[in-house]
């Protein structure tokens, strides 16, 4: 995974802030959450799940349930085809939207 630039790093936090402000009652938003979906591992910039109860006494290192939406932000050094391939993998593994 390419090293995120300053702007690339800032964008997910801004998106999560605005999405949470409007949709926090229905959805949870996670930044850089590790996914392990049927043997395919990925770390999207933002993962969106239906609202869930968070148990702060027990952390989950990898989510095996696909998110509703995975958001990937194109880095300046990244090739668009890499993101298109990731999107295809997300859809194959149960993600509803990218």
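Condition test on residue 31, is it surrounded by fewer than 16 Cβ atoms within 10 Å (Cβ to Cβ), at pLDDT 95 or above, over 14 Å from residue 98 (Cα atoms) and touching a helix residue (DSSP H, G or I) at 6+ places or on another chain (Cβ under 6 Å)? Write out each step before concluding.
Details: surrounded by fewer than 16 Cβ atoms within 10 Å (Cβ to Cβ): yes; at pLDDT 95 or above: yes; over 14 Å from residue 98 (Cα atoms): yes; touching a helix residue (DSSP H, G or I) at 6+ places or on another chain (Cβ under 6 Å): yes.
Yes.
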- Query: Of 61, 82, 43, which residue is out of contact with any helix residue (DSSP H, G or I) (no Cβ under 7 Å at 6 or more places or on another chain) and under 22 Å from residue 19 (Cα atoms)?
  - Reply: 43
- Message: For a quick check of your reading: which strands (runs of 3 or more DSSP E) sit entirely within the chain and have at least 2 residues that are under 11 Å from the mean Cα position of the chain (by Cα)?
- Response: 27-31, 46-50, 69-71
- Of residues in segment 73-90 being touching a strand residue (DSSP E or B) at 6+ places or on another chain (Cβ under 9 Å) and over 18 Å from residue 28 (Cβ atoms), the one surrounded by the fewest Cβ atoms within 10 Å (Cβ to Cβ): 87
- Inspect segment 15-22 for any residue being surrounded by fewer than 16 Cβ atoms within 10 Å (Cβ to Cβ), at negative phi and in contact (Cβ under 8 Å) with a residue 12 or more places away in the chain and give the result as yes or no. no
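Check segment 58-66 and report whether any residue there is surrounded by 17 or more Cβ atoms within 10 Å (Cβ to Cβ) and at pLDDT 95 or above.
Of all residues in segment 58-66, those surrounded by 17 or more Cβ atoms within 10 Å (Cβ to Cβ) come to 66.
Right, trim to at pLDDT 95 or above and you get 66.
Yes: segment 58-66 contains one or more residues that are surrounded by 17 or more Cβ atoms within 10 Å (Cβ to Cβ) and at pLDDT 95 or above.
The values are calculated or read from the model by the stated rules, or taken from the named source; none is laboratory data. Keep in mind that this is a model prediction, so the values were computed, not measured. Note that each Cβ is placed from the backbone with ideal geometry, even for glycine, and that neighbours are counted across all protein chains shown.
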